[in-house]
Amino acid sequence: MNQQQPIGIFDSGMGGLTVAHAVSKMLPNEQLIYFGDSAHLPYGDKSAATIQAYSIKICDILLEKGCKVILIACNSASAAAYELIKAYVGSKALVMNVIDPVVNYVVKTHSNEKVGLIGTKQTVGSGVYDYQIKAQDQSIQVGALATPLLVPMIEEGFHKNEISEAIIKEYLSDNALSEIKALILGCTHYPLIKNKVSEFYKGKTDVIDSSEIVASALKELLNTHQLLAQKRSKENEFLVSDITPSFEAATSLFFGVKVPLQKHKLWE
Ligand code: DGL
């Protein structure tokens, strides 16, 4: 592996662009190759086995492109496929997920407190946040709630209107999230509703958006392995397994600017 190889980032669709955006801001010398599996989203209500099969195919593409690290920018795929991907990729590239950096942050900042988690059915059902947090600090209580309406709502552009406010309020009022001191936004789509979530808590709860936490953990990982790029050599690439005009238009919500998408099938 060498410093000038690209960083591979993938998600079921566009949610991972929130992470890619934070990475591109923190590491402007790096070339990113993003893969959004838009033909197969959402991952959040699929079985672990199906998510694993898609994830391995995506890793093949990112490895072919010569990525030095693969960042799984999807909580559902991180929950279902991280261990498998790590074993599959072996020494060909570093592998990172979006869950571990957030767990480390929670353990550092919320000892002896109750922390909430919202995410897809896959992420919440896997119990991975609870397991990883408790493995480091038994004093932290985790209240988790699957919030499956949020991804389609955000993808439809409903992230700051009355409908989205009502759905967010209904979910956040659930008993599972009562008296929490922090809320993990356990899905890479959710940074788009961070403001609405913070408004609900009137600033009294630490709303944890993983994108910056993950970007700085990635920087640290590359630094440790002396793999930080010294200069920018090539343009970022954004690959998707299916393109629709609405999907292309929505990329600007997630990445800050509209990005040029290239179609790349998962299976030939
Ligand atoms: N972005 C994915 C995640 O972080 C969720 C979207 C989906 O269900 O495909 O879990």
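The values are calculated or read from the model by the stated rules, or taken from the named source; none is laboratory data. If you're wondering where the values come from, they're calculated on a predicted model, not measured in any experiment. Glycine gets a Cβ as well: all are built from the backbone with ideal geometry, and neighbour counts include every protein chain shown. These accessible areas exclude ligands, DNA and RNA; they are computed on the full protein's heavy atoms, side chains included. Shrake-Rupley method; radii C 1.70, N 1.55, O 1.52, S 1.80 Å.
Is there a residue in the stretch 66-79 that is modelled with pLDDT of 95 or more, in contact with a strand residue (DSSP E or B) (Cβ under 6 Å, 6 or more places away or on another chain) and more than 16 Å from Val19 (Cβ to Cβ)? Within the stretch 66-79 (the criterion being modelled with pLDDT of 95 or more, in contact with a strand residue (DSSP E or B) (Cβ under 6 Å, 6 or more places away or on another chain) and more than 16 Å from Val19 (Cβ to Cβ)), the answer is no, since none of the residues qualifies. Residues in the stretch 139-179 that are among the polar types (S, T, N, Q) and more than 16 Å from Lys196 (Cα to Cα) were compared, and the one that is surrounded by the fewest Cβ atoms within 10 Å (Cβ to Cβ) is Asn175. Counting the residues of the stretch 1-53 that are among the acidic types (Asp, Glu), within 16 Å of the ligand (Cβ to nearest atom) and either at positive phi or not in a strand (DSSP E or B) (or both) gives 2. Just one of (1) over 18 Å from the mean Cα position of the chain (by Cα); (2) open to solvent by less than 10 Å² (accessible area, probe 1.4 Å); (3) aliphatic (A, V, I, L, M) fails for Val102. It is (1). Would you check if Ser210 is within 16 Å of the ligand (Cβ to nearest atom) and touching a His at 6+ places or on another chain (Cβ under 9 Å)? It is false that Ser210 is within 16 Å of the ligand (Cβ to nearest atom) and touching a His at 6+ places or on another chain (Cβ under 9 Å). Hey, can you tell me all the residues within the stretch 131-188 that are more than 18 Å from the chain's Cα centre (by Cα), over 17 Å from Glu113 (Cβ atoms) and either among the polar types (S, T, N, Q) or within 12 Å of the ligand (Cβ to nearest atom) (or both)? Matches in the stretch 131-188: Asn161, Ser164, Ser173, Asn175. Quick check: is even one residue across the stretch 205-212 touching a Gly at 6+ places or on another chain (Cβ under 7 Å) and within 30 Å of Val142 (Cα to Cα)? No, there is no match, as no residue in the stretch 205-212 is touching a Gly at 6+ places or on another chain (Cβ under 7 Å) and within 30 Å of Val142 (Cα to Cα). Does Val107 meet the test of being surrounded by fewer than 24 Cβ atoms within 10 Å (Cβ to Cβ), more than 24 Å from Val124 (Cβ to Cβ) and not hydroxyl-bearing (Ser, Thr, Tyr)? Criteria not met by Val107.
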